[in-house]
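J.: So that we are looking at the same thing, I have put the structure below in C-alpha coordinates.
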Amino acid sequence: MGIKSCSVAYVLSFISLTFLAQAANEKGLGASFIFGDSLVDAGNNNYLPTLSKANIRPNGIDFKASSGNPTGRYTNGRTIGDIVGEELGQPNFAVPFLSPNSTGKAILYGVNYASGGGGILNATGRIFVNRLGMDIQIDYFNITRKQFDKLLGRSKAKEYISKNSIFSITVGSNDFLNNYLLPVLSIGARISQSPDAFIDDMIRHLRDQLTRLYQLDARKFVIGNVGPIGCIPYQKTINQVTQDQCVDLPNKLAIQYNGRLKDLLAELNDNLPGSTFIYANVYELVLELISNYDKYGFSTATRACCGNGGQFAGIIPCGPTSSLCSDRSAHVFWDPYHPSEAANLILAKKLLDGDKRYISPINLRQLRDI
(Lines give C-alpha, C1' and ligand atoms only; values in the text may rest on other atoms or scores of the structure.)
Protein backbone atom coordinates (compact mmCIF):
# COMPACT_ATOMS: atom_id res chain seq x y z
CA MET A 1 0.00 0.00 0.00
CA GLY A 2 1.43 3.40 -0.96
CA ILE A 3 1.91 6.38 1.36
CA LYS A 4 -1.05 8.22 -0.16
CA SER A 5 -3.50 5.32 0.25
CA CYS A 6 -2.19 4.74 3.81
CA SER A 7 -2.94 8.39 4.61
CA VAL A 8 -6.44 8.15 3.13
CA ALA A 9 -7.17 4.99 5.14
CA TYR A 10 -5.96 6.69 8.32
CA VAL A 11 -8.09 9.80 7.69
CA LEU A 12 -11.20 7.71 6.95
CA SER A 13 -10.60 5.65 10.09
CA PHE A 14 -10.20 8.81 12.18
CA ILE A 15 -13.38 10.33 10.69
CA SER A 16 -15.40 7.19 11.47
CA LEU A 17 -14.14 7.15 15.09
CA THR A 18 -14.90 10.85 15.47
CA PHE A 19 -18.39 10.30 14.06
CA LEU A 20 -18.91 7.43 16.51
CA ALA A 21 -17.88 9.66 19.41
CA GLN A 22 -20.17 12.48 18.20
CA ALA A 23 -23.11 10.07 17.84
CA ALA A 24 -22.52 8.93 21.40
CA ASN A 25 -22.40 12.56 22.56
CA GLU A 26 -25.71 13.38 20.86
CA LYS A 27 -27.46 10.43 22.51
CA GLY A 28 -25.96 11.18 25.92
CA LEU A 29 -24.02 7.91 25.77
CA GLY A 30 -20.36 7.16 25.93
CA ALA A 31 -18.19 4.50 27.45
CA SER A 32 -19.08 2.37 30.44
CA PHE A 33 -15.97 1.78 32.55
CA ILE A 34 -16.53 -1.02 35.06
CA PHE A 35 -14.29 -1.69 38.07
CA GLY A 36 -14.70 -4.16 40.90
CA ASP A 37 -14.95 -7.82 41.76
CA SER A 38 -16.71 -10.99 40.62
CA LEU A 39 -20.14 -9.34 40.83
CA VAL A 40 -19.25 -7.49 37.62
CA ASP A 41 -16.26 -9.40 36.16
CA ALA A 42 -17.02 -10.08 32.48
CA GLY A 43 -14.09 -12.41 31.83
CA ASN A 44 -10.82 -10.81 32.98
CA ASN A 45 -10.02 -13.77 35.23
CA ASN A 46 -10.11 -16.07 32.18
CA TYR A 47 -6.72 -14.59 31.30
CA LEU A 48 -5.14 -14.98 34.75
CA PRO A 49 -3.59 -18.05 36.40
CA THR A 50 -6.07 -17.92 39.28
CA LEU A 51 -8.21 -20.20 41.43
CA SER A 52 -11.17 -17.84 40.91
CA LYS A 53 -12.66 -18.57 37.49
CA ALA A 54 -16.18 -18.78 36.07
CA ASN A 55 -15.40 -19.87 32.50
CA ILE A 56 -16.83 -23.33 33.17
CA ARG A 57 -20.34 -24.68 32.66
CA PRO A 58 -23.06 -24.12 33.71
CA ASN A 59 -22.00 -20.48 34.33
CA GLY A 60 -23.39 -18.35 31.49
CA ILE A 61 -26.07 -20.89 30.62
CA ASP A 62 -28.57 -18.05 30.00
CA PHE A 63 -26.13 -15.57 28.44
CA LYS A 64 -27.65 -15.07 24.99
CA ALA A 65 -24.66 -13.26 23.47
CA SER A 66 -22.54 -16.41 23.88
CA SER A 67 -25.36 -18.86 23.07
CA GLY A 68 -25.26 -20.12 26.65
CA ASN A 69 -21.51 -20.78 26.76
CA PRO A 70 -19.50 -19.60 29.79
CA THR A 71 -17.78 -16.21 29.34
CA GLY A 72 -16.20 -15.77 32.75
CA ARG A 73 -19.24 -14.06 34.28
CA TYR A 74 -20.06 -15.39 37.76
CA THR A 75 -23.75 -15.84 37.08
CA ASN A 76 -26.12 -17.63 34.71
CA GLY A 77 -26.61 -14.61 32.44
CA ARG A 78 -25.83 -10.91 32.52
CA THR A 79 -24.21 -9.00 35.36
CA ILE A 80 -25.63 -5.75 36.73
CA GLY A 81 -22.97 -3.89 34.70
CA ASP A 82 -24.12 -5.57 31.48
CA ILE A 83 -27.78 -4.75 32.11
CA VAL A 84 -27.12 -1.12 33.06
CA GLY A 85 -25.06 -0.58 29.90
CA GLU A 86 -27.82 -2.08 27.73
CA GLU A 87 -30.53 -0.01 29.41
CA LEU A 88 -28.54 3.20 28.91
CA GLY A 89 -28.43 2.48 25.19
CA GLN A 90 -25.00 0.96 24.63
CA PRO A 91 -24.93 -1.40 21.65
CA ASN A 92 -22.07 -3.54 23.00
CA PHE A 93 -21.06 -4.85 26.42
CA ALA A 94 -17.93 -3.28 27.90
CA VAL A 95 -15.05 -5.48 26.74
CA PRO A 96 -12.80 -7.13 29.40
CA PHE A 97 -9.47 -5.28 29.52
CA LEU A 98 -7.40 -8.49 29.37
CA SER A 99 -9.32 -9.80 26.35
CA PRO A 100 -7.38 -9.73 23.05
CA ASN A 101 -10.16 -7.68 21.42
CA SER A 102 -9.97 -4.76 23.89
CA THR A 103 -8.37 -2.55 21.23
CA GLY A 104 -9.38 0.00 18.64
CA LYS A 105 -12.92 1.30 18.44
CA ALA A 106 -14.27 -1.54 20.65
CA ILE A 107 -13.09 0.45 23.66
CA LEU A 108 -15.31 3.43 22.74
CA TYR A 109 -18.27 1.51 24.22
CA GLY A 110 -16.35 0.91 27.42
CA VAL A 111 -13.91 -1.41 29.13
CA ASN A 112 -14.41 -3.79 32.05
CA TYR A 113 -11.49 -4.08 34.51
CA ALA A 114 -13.31 -6.07 37.23
CA SER A 115 -11.75 -9.24 38.57
CA GLY A 116 -13.13 -12.09 40.67
CA GLY A 117 -11.45 -11.97 44.07
CA GLY A 118 -10.34 -8.34 43.68
CA GLY A 119 -10.70 -5.78 46.44
CA ILE A 120 -9.82 -2.28 47.59
CA LEU A 121 -6.77 -3.52 49.51
CA ASN A 122 -3.92 -5.20 47.67
CA ALA A 123 -3.79 -8.15 50.11
CA THR A 124 -7.44 -9.00 49.48
CA GLY A 125 -8.06 -12.20 47.53
CA ARG A 126 -4.53 -13.58 47.77
CA ILE A 127 -6.09 -16.97 48.60
CA PHE A 128 -6.93 -17.13 44.85
CA VAL A 129 -3.23 -16.66 43.92
CA ASN A 130 -4.00 -14.08 41.20
CA ARG A 131 -6.65 -11.37 40.82
CA LEU A 132 -6.73 -7.69 39.86
CA GLY A 133 -7.11 -5.39 42.86
CA MET A 134 -8.39 -1.83 42.44
CA ASP A 135 -4.89 -0.31 42.22
CA ILE A 136 -4.02 -2.55 39.25
CA GLN A 137 -7.43 -1.97 37.64
CA ILE A 138 -6.78 1.79 37.69
CA ASP A 139 -3.26 1.23 36.29
CA TYR A 140 -4.98 -0.58 33.41
CA PHE A 141 -7.47 2.26 32.93
CA ASN A 142 -4.48 4.59 32.59
CA ILE A 143 -3.42 2.48 29.58
CA THR A 144 -6.94 2.74 28.11
CA ARG A 145 -6.93 6.49 28.73
CA LYS A 146 -3.85 6.90 26.53
CA GLN A 147 -5.50 4.75 23.83
CA PHE A 148 -8.47 7.18 23.81
CA ASP A 149 -6.11 10.10 23.14
CA LYS A 150 -4.70 8.22 20.15
CA LEU A 151 -8.18 7.26 18.86
CA LEU A 152 -9.97 10.58 19.23
CA GLY A 153 -7.30 13.20 19.81
CA ARG A 154 -6.61 14.70 23.22
CA SER A 155 -9.44 17.25 23.55
CA LYS A 156 -12.20 15.01 22.14
CA ALA A 157 -11.00 12.11 24.30
CA LYS A 158 -11.12 14.25 27.44
CA GLU A 159 -14.65 15.44 26.63
CA TYR A 160 -15.86 11.92 25.79
CA ILE A 161 -14.53 10.49 29.06
CA SER A 162 -15.54 13.33 31.36
CA LYS A 163 -18.97 14.22 29.91
CA ASN A 164 -20.28 11.07 28.25
CA SER A 165 -18.88 8.15 30.19
CA ILE A 166 -19.88 6.49 33.45
CA PHE A 167 -17.43 4.92 35.90
CA SER A 168 -19.03 2.20 38.02
CA ILE A 169 -17.22 0.66 40.98
CA THR A 170 -18.53 -2.47 42.70
CA VAL A 171 -15.96 -3.46 45.31
CA GLY A 172 -15.47 -4.06 49.03
CA SER A 173 -17.16 -7.43 49.69
CA ASN A 174 -13.94 -9.39 49.19
CA ASP A 175 -12.06 -7.13 51.59
CA PHE A 176 -14.27 -8.68 54.28
CA LEU A 177 -15.02 -12.16 52.90
CA ASN A 178 -11.56 -12.95 51.52
CA ASN A 179 -9.40 -10.88 53.81
CA TYR A 180 -10.64 -9.69 57.22
CA LEU A 181 -13.03 -12.60 57.85
CA LEU A 182 -10.88 -15.33 56.31
CA PRO A 183 -9.66 -17.38 59.28
CA VAL A 184 -6.42 -18.74 57.80
CA LEU A 185 -5.09 -15.50 56.36
CA SER A 186 -6.50 -12.84 58.62
CA ILE A 187 -6.03 -14.13 62.14
CA GLY A 188 -2.88 -12.04 62.61
CA ALA A 189 -4.51 -8.98 61.08
CA ARG A 190 -7.60 -9.36 63.23
CA ILE A 191 -5.55 -9.56 66.43
CA SER A 192 -3.70 -6.36 65.51
CA GLN A 193 -6.49 -4.52 63.68
CA SER A 194 -9.92 -3.60 64.98
CA PRO A 195 -12.85 -3.37 62.54
CA ASP A 196 -12.53 0.44 62.80
CA ALA A 197 -8.87 0.37 61.79
CA PHE A 198 -9.48 -2.09 58.95
CA ILE A 199 -12.35 0.02 57.55
CA ASP A 200 -10.21 3.18 57.95
CA ASP A 201 -7.63 1.44 55.76
CA MET A 202 -10.26 0.58 53.14
CA ILE A 203 -11.63 4.13 53.01
CA ARG A 204 -8.16 5.69 52.81
CA HIS A 205 -7.23 3.44 49.88
CA LEU A 206 -10.55 3.99 48.11
CA ARG A 207 -10.23 7.78 48.46
CA ASP A 208 -6.83 7.62 46.74
CA GLN A 209 -8.18 5.28 44.03
CA LEU A 210 -11.21 7.43 43.18
CA THR A 211 -9.03 10.57 43.18
CA ARG A 212 -6.66 8.89 40.71
CA LEU A 213 -9.59 8.17 38.38
CA TYR A 214 -10.69 11.81 38.69
CA GLN A 215 -7.17 12.91 37.72
CA LEU A 216 -7.55 10.73 34.59
CA ASP A 217 -10.70 12.75 33.64
CA ALA A 218 -13.39 10.54 35.21
CA ARG A 219 -16.27 12.75 36.37
CA LYS A 220 -19.44 10.61 36.57
CA PHE A 221 -19.13 7.90 39.21
CA VAL A 222 -21.48 5.33 40.71
CA ILE A 223 -20.11 3.47 43.72
CA GLY A 224 -21.91 0.43 45.11
CA ASN A 225 -21.78 -0.15 48.85
CA VAL A 226 -21.22 -3.63 50.30
CA GLY A 227 -24.31 -5.83 50.25
CA PRO A 228 -25.64 -8.00 53.12
CA ILE A 229 -22.75 -10.48 52.85
CA GLY A 230 -23.97 -12.32 55.96
CA CYS A 231 -27.02 -13.44 53.94
CA ILE A 232 -25.25 -15.15 51.03
CA PRO A 233 -25.66 -18.96 50.87
CA TYR A 234 -21.94 -19.50 51.61
CA GLN A 235 -22.02 -17.57 54.90
CA LYS A 236 -25.37 -19.09 55.92
CA THR A 237 -24.07 -22.60 55.20
CA ILE A 238 -20.69 -22.42 56.96
CA ASN A 239 -22.22 -20.69 59.99
CA GLN A 240 -25.16 -23.14 60.12
CA VAL A 241 -27.90 -20.57 60.53
CA THR A 242 -31.55 -21.21 59.77
CA GLN A 243 -33.32 -20.28 56.55
CA ASP A 244 -34.58 -16.98 57.98
CA GLN A 245 -31.33 -15.93 59.66
CA CYS A 246 -28.32 -14.05 58.33
CA VAL A 247 -24.84 -14.09 59.89
CA ASP A 248 -24.44 -11.11 62.17
CA LEU A 249 -20.74 -10.12 62.02
CA PRO A 250 -20.33 -9.79 58.21
CA ASN A 251 -23.48 -7.68 58.00
CA LYS A 252 -22.35 -5.44 60.88
CA LEU A 253 -19.00 -4.88 59.16
CA ALA A 254 -20.78 -4.06 55.87
CA ILE A 255 -23.09 -1.54 57.59
CA GLN A 256 -20.12 0.10 59.33
CA TYR A 257 -18.16 0.39 56.08
CA ASN A 258 -21.21 1.64 54.16
CA GLY A 259 -21.68 4.55 56.55
CA ARG A 260 -18.06 5.58 56.04
CA LEU A 261 -18.37 5.17 52.26
CA LYS A 262 -21.38 7.50 52.15
CA ASP A 263 -19.38 10.17 54.00
CA LEU A 264 -16.41 9.69 51.67
CA LEU A 265 -18.53 10.23 48.55
CA ALA A 266 -20.03 13.41 50.05
CA GLU A 267 -16.49 14.62 50.77
CA LEU A 268 -15.33 13.87 47.20
CA ASN A 269 -18.39 15.61 45.72
CA ASP A 270 -17.39 18.71 47.71
CA ASN A 271 -13.65 18.57 47.00
CA LEU A 272 -13.34 17.45 43.37
CA PRO A 273 -14.79 20.18 41.10
CA GLY A 274 -17.16 19.03 38.37
CA SER A 275 -17.49 15.51 39.74
CA THR A 276 -20.69 13.60 40.54
CA PHE A 277 -20.32 10.66 42.92
CA ILE A 278 -23.46 8.56 43.25
CA TYR A 279 -24.02 6.20 46.17
CA ALA A 280 -25.73 2.93 45.21
CA ASN A 281 -27.33 1.40 48.29
CA VAL A 282 -26.80 -2.23 47.26
CA TYR A 283 -27.15 -3.34 50.89
CA GLU A 284 -30.77 -2.17 51.19
CA LEU A 285 -31.60 -3.29 47.65
CA VAL A 286 -30.40 -6.87 48.14
CA LEU A 287 -31.85 -7.07 51.65
CA GLU A 288 -35.24 -6.01 50.26
CA LEU A 289 -34.99 -8.75 47.62
CA ILE A 290 -34.01 -11.38 50.21
CA SER A 291 -36.64 -10.32 52.76
CA ASN A 292 -39.50 -10.15 50.25
CA TYR A 293 -38.31 -12.63 47.61
CA ASP A 294 -41.78 -14.06 46.99
CA LYS A 295 -43.12 -10.57 46.19
CA TYR A 296 -40.58 -10.42 43.32
CA GLY A 297 -41.50 -13.85 41.96
CA PHE A 298 -38.71 -15.92 43.56
CA SER A 299 -39.21 -19.21 45.36
CA THR A 300 -36.04 -18.98 47.49
CA ALA A 301 -33.52 -16.39 48.65
CA THR A 302 -31.40 -18.81 50.65
CA ARG A 303 -30.45 -21.74 48.44
CA ALA A 304 -27.94 -21.42 45.59
CA CYS A 305 -29.28 -22.56 42.20
CA CYS A 306 -25.87 -23.97 41.27
CA GLY A 307 -23.59 -25.33 44.01
CA ASN A 308 -23.02 -28.15 46.47
CA GLY A 309 -22.61 -28.64 50.18
CA GLY A 310 -24.81 -28.01 53.20
CA GLN A 311 -28.49 -27.22 53.34
CA PHE A 312 -28.18 -24.14 51.07
CA ALA A 313 -25.80 -25.66 48.46
CA GLY A 314 -23.45 -22.99 49.69
CA ILE A 315 -19.96 -24.44 50.07
CA ILE A 316 -18.63 -25.57 46.68
CA PRO A 317 -18.76 -23.00 43.83
CA CYS A 318 -20.77 -23.61 40.66
CA GLY A 319 -19.20 -26.06 38.19
CA PRO A 320 -19.95 -29.07 35.97
CA THR A 321 -20.51 -31.42 38.93
CA SER A 322 -22.77 -29.04 40.87
CA SER A 323 -26.43 -29.66 41.50
CA LEU A 324 -28.44 -27.30 39.29
CA CYS A 325 -31.95 -26.03 40.03
CA SER A 326 -34.66 -26.55 37.45
CA ASP A 327 -35.97 -22.95 37.43
CA ARG A 328 -33.07 -20.48 37.49
CA SER A 329 -35.35 -17.46 37.45
CA ALA A 330 -36.88 -18.56 40.77
CA HIS A 331 -33.59 -18.23 42.71
CA VAL A 332 -32.21 -14.94 44.05
CA PHE A 333 -28.75 -16.56 44.19
CA TRP A 334 -27.11 -18.29 41.25
CA ASP A 335 -24.24 -19.77 43.29
CA PRO A 336 -22.97 -19.53 46.90
CA TYR A 337 -21.90 -15.88 46.39
CA HIS A 338 -23.54 -14.23 43.38
CA PRO A 339 -27.08 -13.18 42.34
CA SER A 340 -28.88 -14.81 39.43
CA GLU A 341 -29.58 -12.85 36.25
CA ALA A 342 -33.22 -12.55 37.38
CA ALA A 343 -32.05 -10.84 40.59
CA ASN A 344 -29.51 -8.69 38.69
CA LEU A 345 -32.33 -7.43 36.45
CA ILE A 346 -34.35 -6.20 39.42
CA LEU A 347 -31.30 -4.64 41.09
CA ALA A 348 -30.20 -2.90 37.88
CA LYS A 349 -33.67 -1.43 37.22
CA LYS A 350 -33.76 0.08 40.74
CA LEU A 351 -30.33 1.66 40.17
CA LEU A 352 -31.39 3.01 36.79
CA ASP A 353 -34.73 4.50 37.77
CA GLY A 354 -34.99 4.16 41.55
CA ASP A 355 -35.48 6.80 44.21
CA LYS A 356 -33.06 8.16 46.82
CA ARG A 357 -33.58 5.22 49.16
CA TYR A 358 -31.60 3.06 46.75
CA ILE A 359 -29.50 5.50 44.73
CA SER A 360 -28.59 9.07 45.62
CA PRO A 361 -28.42 11.96 44.97
CA ILE A 362 -29.65 10.97 41.46
CA ASN A 363 -30.25 7.68 39.63
CA LEU A 364 -28.20 6.28 36.74
CA ARG A 365 -30.47 7.47 33.95
CA GLN A 366 -30.23 11.00 35.37
CA LEU A 367 -26.45 10.65 35.72
CA ARG A 368 -26.13 9.72 32.04
CA ASP A 369 -28.05 12.82 31.01
CA ILE A 370 -26.23 15.49 33.03
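The values are calculated or read from the model by the stated rules, or taken from the named source; none is laboratory data. Here the structure is a predicted model, which is why all the values come from computation and not from measurement. A quick note on method: Cβ atoms are made from the backbone with ideal geometry, for glycine too, and the neighbour counts reach across all protein chains shown.
J.: Which of (1) within 19 Å of Gly81 (Cβ to Cβ); (2) touching a Pro at 6+ places or on another chain (Cβ under 7 Å) is the odd one out, the single condition Ala114 does not satisfy?
T.: (2) is the only condition that Ala114 fails.
J.: Take the residues in segment 44-70 that are surrounded by fewer than 18 Cβ atoms within 10 Å (Cβ to Cβ) and among the aliphatic types (A, V, I, L, M); name whichever of them is farthest from Gly319 (Cα to Cα).
T.: Among those that are surrounded by fewer than 18 Cβ atoms within 10 Å (Cβ to Cβ) and among the aliphatic types (A, V, I, L, M), it is Ala65.
J.: Here is a follow-up. Mind counting the residues in segment 189-236 that are buried (at least 17 other Cβ atoms within 10 Å of the Cβ) and under 30 Å from Gln311 (Cα atoms)?
T.: Residues flagged as buried (at least 17 other Cβ atoms within 10 Å of the Cβ) and under 30 Å from Gln311 (Cα atoms) within segment 189-236 amount to 13.
J.: Within the group Gly117, Gly81, which residue is of a type outside the set (Val, Ile, Thr), in a loop (DSSP other than H, G, I, E, B) and surrounded by 24 or more Cβ atoms within 10 Å (Cβ to Cβ)?
T.: Checking each option against the conditions leaves just Gly117.
J.: Can you tell me which residue is farthest from Arg131 (Cα to Cα) among those in segment 30-51 that are hydrophobic (A, V, I, L, M, F, W, C) and in a strand (DSSP E or B)?
T.: Phe33
J.: Which members of segment 265-286 meet the condition of being of a type in the set (Phe, Trp, Tyr) and outside any strand (DSSP E or B)?
T.: Passing the criteria: only Tyr283.
J.: Quick check on segment 90-113. Is at least one of its residues crowded, with 20+ Cβ neighbours inside 10 Å, at pLDDT below 95, out of contact with any Phe, Trp or Tyr (no Cβ under 7 Å at 6 or more places or on another chain) and polar (S, T, N, Q)?
T.: Yes; the residues of segment 90-113 include at least one that is crowded, with 20+ Cβ neighbours inside 10 Å, at pLDDT below 95, out of contact with any Phe, Trp or Tyr (no Cβ under 7 Å at 6 or more places or on another chain) and polar (S, T, N, Q).
J.: Test Arg73 against the criterion of being of a type in the set (Lys, Arg) and either in a helix (DSSP H, G or I) or buried (at least 20 other Cβ atoms within 10 Å of the Cβ) (or both), and give yes or no.
T.: yes
J.: Right, something else. If Pro317 passes every condition in (1) at pLDDT below 95; (2) more than 21 Å from the chain's Cα centre (by Cα) but one, which one does it miss?
T.: If we test Pro317 against (1) at pLDDT below 95; (2) more than 21 Å from the chain's Cα centre (by Cα), just (2) comes out false.
J.: Which numbered condition in (1) closer than 28 Å to Ser162 by Cα; (2) part of a loop (DSSP other than H, G, I, E, B); (3) touching a residue at least 24 places away in the same chain (Cβ under 8 Å); (4) more than 12 Å from the chain's Cα centre (by Cα) is the only one that Asn92 fails?
T.: Evaluating Asn92 over (1) closer than 28 Å to Ser162 by Cα; (2) part of a loop (DSSP other than H, G, I, E, B); (3) touching a residue at least 24 places away in the same chain (Cβ under 8 Å); (4) more than 12 Å from the chain's Cα centre (by Cα) leaves (3) as the failure.
J.: While we're on this one: Out of everything in segment 201-239 that is acidic (Asp, Glu) and in contact (Cβ under 8 Å) with a residue 60 or more places away in the chain, what residue ends up being nearest to Asn258 (Cα to Cα)?
T.: Within segment 201-239, the match that is nearest to Asn258 (Cα to Cα) is Asp201.
J.: Do we have any residue at all in segment 287-308 that's within 28 Å of Asn164 (Cα to Cα), assigned to a helix (DSSP H, G or I) and over 22 Å from the mean Cα position of the chain (by Cα)?
T.: No, every residue in segment 287-308 fails to be within 28 Å of Asn164 (Cα to Cα), assigned to a helix (DSSP H, G or I) and over 22 Å from the mean Cα position of the chain (by Cα).
J.: Further, regarding this structure: Identify, by number, the condition in (1) crowded, with 18+ Cβ neighbours inside 10 Å; (2) free of Cβ contacts under 8 Å to residues at least 60 places away in the same chain that Ile255 doesn't meet.
T.: Here Ile255 meets the rest and fails (1).
J.: Does Ile161 meet the test of being under 17 Å from the mean Cα position of the chain (by Cα) and within 25 Å of Leu265 (Cα to Cα)? Talk me through it step by step, then tell me what you get.
T.: Numbers: under 17 Å from the mean Cα position of the chain (by Cα): no; within 25 Å of Leu265 (Cα to Cα): yes.
So Ile161 does not fit the description; no.
J.: Only one residue in Ala330, Ala348, Ala304 is farther than 19 Å from Val171 by Cβ, small (Gly, Ala, Ser), touching a residue at least 12 places away in the same chain (Cβ under 8 Å) and touching an Asp or Glu at 6+ places or on another chain (Cβ under 8 Å), so which one is that?
T.: Working: Ala330 fails: touching an Asp or Glu at 6+ places or on another chain (Cβ under 8 Å); Ala348 fails: farther than 19 Å from Val171 by Cβ.
Going through Ala330, Ala348, Ala304 in turn, the sole match is Ala304.
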